[in-house]
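I have placed the structure first, in the form of structure tokens, so that the comments after it can refer back to it.
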Amino acid sequence: MLSALLWALVTFAPNGGAGGDAWGSLLTAQALVEHGSFDLAPYTDRAAYNEAQFFRHGQALYYGYPPGGSLLEVPLVALARLLGMDMTQVAQESFMERQVSGICMIAMLGALWVGLSALLEKRRALVAAGLVLLASTYTGSIASSMANSQMPEIVFLTWTQAWMLRFDRQGGRLNGWLLGLFLGAAYWCRPTALLWAPFVCLYLWLRKREALVGAVLTLLVFVLGFKLALGPFWGGSHPYYGSRPLVSDFATFSLEWVGVLFSPGVGLFVYQPLLLPPFLLAPVLLRRQPLAWMLFLYANAHIVVVALQRTWMTVAFGPRLLAEACFPLWFLAAMLAPQLRLLIWPALLWSLWLNTYLAFFCQTQHLHYTATRPEQDPTTRGLWEWRLAPFLVTQDQLWEQIRLAPPELFPALNNPLRRNFQEPEQAGDQPLVRPLDGPASVSFRSQAPPGPSSGLVCVRYSSPLPVSVELNGRLLPSLPASRATRRQTLAFQDVEWRPENEVRFSAGPEFRLFDLVAEPSPADQPGIVAFVEGFSGDEGGTRWAYGPSSRALLVARKAGRVDLDFEALNPHPKLDVQVWCNRRHLANFHNLPEGEAQLRIPLTVRAGDNELEFRFNHWGIKRARDQRPLALRLSKLSLNYSGL
């Protein structure tokens, strides 16, 4: 009965199956069914994919999130294909995404029931499991993107915790091989699943050593198998399993730690207040219970990791990134139920209303995500102001916030001016514009010398029809029709470059323009570099890269090896700089000394667009008048073919 209720809620509620980060997971499963590969390139002509959550390796296109969810979805998608469904079709993919979410909810209900049955009579445990599930962040975030890999990861982790709780309270068998299997499967869905592994091993060492060997060996098989069996698909490690920039100072970390726990935007204890007492009291009241310590330490470890990564500021869906930490705390709350009996029902009812409302009925979540992105909300009002909390804010308030701080379009251009375009829109987290009617243009200023020039224009767009493009009145090759968002690079020669230039598009409102880059570059040079995110404007031939990371677009005329040369001014002692190209770690500059230095970065690039990212361990100059997050100043930047 409870399972049917959960399935009906997920399938028929107004929210859920709304795409987000999960868009691509089911399509990858379809690629595995039809081609035996993770490559999504065969679908780019008919799937309106969001390139921001995909990556390329050679000519192949891959989903940017872990592959475990897609592998689990293969049987379901194979059945859907037999029934004539196609995951390139948004409505059909959305319906199937709801089915995946429903299956995960039912599996979670089973895991919670097994765990709580160790503490309560079975019927009471089943009711408690249903209430806890609906009152949890797992449910509250279901309208966002958890179906891509996070939902199955938490299913695997919670089953291991439930089996350990049942063994801890009732004795019996605890299968180490099965624990390792579920830990390994969770790792294939999310790399942070390994945070739970040392606590499982420590518990087995203390309580059931004969199961430890099986758990460790099985987990190692999955971790090594992930690298050896799947690595060749994307040419090494999956980008999602790479390193990320972390907060480097204690003051910032402390603020973010408070934010993930107590802010009205994403605070774990705002959305689930019953978890605060076990967070504070478990080490005292349950200090003699090894499993209680394992659950408590794991929950804290996950909270710390989320606070360190600065990814928790996606306000729209509450504490989604802490969903892994909430069920260990729910199990601790169940252990402390006698001491918490006066708090249980008020706190549980609050969480039950709040999380089911956000998951199934709240209509502002995706708009809230747009309105509270850092470029829209640099002072994080949506995170800390109660009136802007996802469960209180109105659509009118969010639109007002968006109007006050419209998203930046074409960040690589200098003072871009749009003519005959509609007001900016959002497609997921991407700003875009459409022409009103007839030709529309974007003009921009340039400090490059005027005169006949060669160079490149790079356009990110989607359009069901070819689009004619002109640069300063010179006709360029047309943009091919593409319903999927794509980048197209157009070369030009002997075009009169001016202090103010204009790119004109002859298209109707069905043309969606996401980004535009245009730079002169001699025909014998490899390409151009456009500064997309995390850089200052041009400051007399120099440009500051901001911390913790800055992103540029390298548009190459052809694939091959090139050198990126530039002069750098470092204002920090012992600055570390990581350089990434197309989501692959390429180079490290360790302990870069203060002052000026000439740097060269060898790159292997593909024809067209390549994403460059610089990551820094220090930024911001203390006691300086300029309080921008300055990391490194760049000047005299040039691209050269290797060996020349």
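Derivation of every value follows stated rules applied to the coordinates shown; laboratory data play no part. All values derive from a computational prediction rather than experimental measurement. Heads up, the Cβs are rebuilt from the backbone with ideal geometry, glycines too, and the neighbour counts pull from every protein chain shown.
Descriptive notes on the structure:
- Inter-site label distance for L349 and N414 at 7 Å from Cα along Cβ, in nm: 6.4 nm
- Order of L157, L281, L342, L181 - criterion: other Cβ atoms within 10 Å of each residue's Cβ, fewest first: L342, L281, L181, L157
- Label-to-label distance, R123 versus E400, with points set 7 angstrom from Cα along the beta-carbon direction: 5.2 nm.
- Note, ³J(HN,Hα) from phi for the stretch 594-609, Karplus 6.51, -1.76, 1.60, rounded to Hz, x at Gly and Pro: 5, x, 8, 8, 9, 10, 10, 10, x, 10, 10, 10, 9, 5, x, 7
- Segment E594-Q92, extension gain: residue separation times 0.36 nm, minus the distance between their alpha carbons: 175.1 nm
- 0 to 90° range, to nearest 10: angle between helix 122-134 axis and the chain longest Cα axis: 20 degrees
- Each of E423 and S254 was given a label point 7 Å from its Cα along the Cα-to-Cβ line. The distance between the two points is 4.3 nm.
- Dipole check for the chain: with +1 at the C-beta of Lys and Arg, -1 at the C-beta of Asp and Glu, and the Cα centre as origin, the magnitude is about 1840 Debye.
- Once the Cα atoms are used to define both axes, helix 395-404 deviates from the longest principal axis of the chain by about 30 degrees.
- Helix 2-12 axis versus longest C-alpha principal axis of the chain: approximately 20°, rounded to the nearest ten.
- Taking the number of Cβ atoms within 10 Å of each Cβ as an exposure proxy, the fewest-first ranking of I601, I103 is I601, I103.
- Pairs of alpha carbons in the stretch 153-307 whose separation is greater than 18 Å (percent): 65 percent
- Note on the chain: helix-only mean residue ellipticity at 222 nm, from DSSP H runs of 4+ residues weighted -39500 (n - 2.57) and normalised by residue number, equals -12000 deg cm²/dmol.
- Put in order of Cβ neighbour count within 10 Å, fewest first, the listed residues M87, M96 become M96, M87.
- Residue-wise HN-Hα coupling along the stretch 410-425, computed from phi with Karplus coefficients 6.51, -1.76, 1.60 (Hz; x: Gly, Pro): 6, x, 7, 8, 8, 6, x, 10, 8, 10, 6, 10, 6, 5, x, 10
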